[in-house]
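Some notes on the structure that comes next.
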Amino acid sequence: MLEDNKAAANGCGKIRRSAQNGAALLALMEKTGYSMVQQNGQRKFGGPPPGWEGPPPPRGCEVFVGKIPRDMYEDELVPVFERAGKIYELRLMMEFSGKFIGVCVSLDNCRLFIGAIPKDKKKEEILNEMKKVTEGVVDVIVYPNATDKTKNRGFAFVEYESHRAAAMARRRLIPGTFQPWGHTIQVDWADPEKVVDEETMQRVKVLYVRNLMISTTEDKIKAEFNKFKPGVVERVKKLRDYAFVHFFHREDAVAAMSVMNGKCIDGASIEVTLAKPVNKESSWKQHFNGQINPSSENFLAFPDKEDGTQKSLGKPASLSVRLNGQHSPGLPEAERSTYPIFPGIKLTPISMYSLKLSHFSSAVMHLDYFCYKNSWAPPEYCLYSTTSQDGRVLLVYKVLISSIADDSQSYFMPEKLCTTVEDAKELAAQFTLLHL
């Protein structure tokens, strides 16, 4: 009987709190004139506010607020955020927390990565398929296969009109629920495009040219870009199906971009944009959340999930401990377990570069991935040896990293020798990553 009374009291308390919250929200809407609707697990306040004229605020005007207490609603949140300025829209999702809230600039990502797409599908087919099942599709970016321009590379990027539209599409496209052309696709957020300040971009005199034929030579590219104005191209650096064209003067690079974009070279329709300079100093450190000091003697070590010890590929990762006497901060833990391949299971070809950084467990693979993502040339390893006093052969690698966009080159070589090629290469990659 006592328990029943407690339950009844708790129920009445919840009803009273619910009624109070409802009254407070009604009062807020009457006071502000904003509307409030609830859909897809979130409640939207405003968007647009009363009397708003013109388009919505541009990208970059939104902030993400996390760790909001579960019992806090718009009637308390709106007055707090109105101190900073007029609110266009507030979307509320609940999460239990007793901590202080956290506020940061919203990523505002409007692009999804779609993998495992049949390679014979054209851009129009992919665009139509995405529009059938998701709303707000603006464009689809499809890259032709490097060796066969009639096929795509097995993935595409879908651009949406807003971050919210992209988020709703990502939820709708959960693998297993939607199978276009009978294929199970992969869906994830696309890596945000690198943002380079306008002042830096105003100095760029290098063009990024993509969708070239593998057979197209640097000399042919230089000749084609010199056609509109002879002698303006300083040099060309080509990797597989893309290249960087360096000009003596920026005005010639801008003019060439306008003239050459969409032109055909050796039968391939090329795309030309200004190359974006990469900040080597900050790009890699972002993966470590500022935890690693580039002047530190520590080297990366990668944790093994099975026993929690530090390991690298090949030799136990006592390599880093053995050389430095302590563990160093590592990247997010990679899953190292194995799983059986059951009969009938479907395996889909995938590019290594479409994976996330956390899928790699060795520094050698991390370095290769990092160079690719920054549009640098692949790392070059040069092996050197010496003989120890007891007659053993000791090895060390020197690593060359070339940034094609600005034509800079950097050499990295650790100050320690190893007894195996595997350890020497892993150590050199670790050392390079810490000093980029």
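Any residue at all in segment 410-421 that is at pLDDT below 90, under 22 Å from residue 243 (Cα atoms) and not assigned by the TED database to the domain that holds residue 238?
Yes: one or more hits.
Within the group 373, 425, 356, which residue is at pLDDT 85 or above and among the basic types (Lys, Arg)?
Details: 373 fails: at pLDDT 85 or above; 356 fails: at pLDDT 85 or above.
Being at pLDDT 85 or above and among the basic types (Lys, Arg) holds for just one of 373, 425, 356, which is 425.
In segment 210-228, what count of residues is obtained for those that are among the aliphatic types (A, V, I, L, M) and open to solvent by 30 Å² or more (accessible area, probe 1.4 Å)?
3
Considering segment 58-85 alone, what residues qualify as being part of a loop (DSSP other than H, G, I, E, B), open to solvent by 50 Å² or more (accessible area, probe 1.4 Å) and within 19 Å of residue 164 (Cβ to Cβ)?
58, 59, 60, 61, 62
Looking at segment 124-165, which of its residues are surrounded by fewer than 15 Cβ atoms within 10 Å (Cβ to Cβ) and in a helix (DSSP H, G or I)?
Within segment 124-165, 124, 128, 131, 132, 133 qualify.
For segment 222-234, state whether one or more residues are touching a Ser or Thr at 6+ places or on another chain (Cβ under 8 Å), part of a loop (DSSP other than H, G, I, E, B) and either of a type in the set (Lys, Arg) or in contact (Cβ under 8 Å) with a residue 24 or more places away in the chain (or both). So that I can check it myself, show each step before the final result.
First pass over segment 222-234, keeping only residues touching a Ser or Thr at 6+ places or on another chain (Cβ under 8 Å): none.
No, segment 222-234 has no match at all.
Looking at segment 168-188, can you tell me whether even one residue there is free of Cβ contacts under 8 Å to residues at least 12 places away in the same chain and in the same structural domain as residue 267 (by the TED database)?
no
The values are calculated or read from the model by the stated rules, or taken from the named source; none is laboratory data. This is a predicted model, so every value here is computed, not measured. All Cβ positions, even for glycine, are placed from backbone atoms using ideal geometry, and neighbour counts span all protein chains on display. Calculation scope for accessible area: heavy atoms of the full protein, side chains included, ligands and nucleic acids excluded. Shrake-Rupley method; radii C 1.70, N 1.55, O 1.52, S 1.80 Å.
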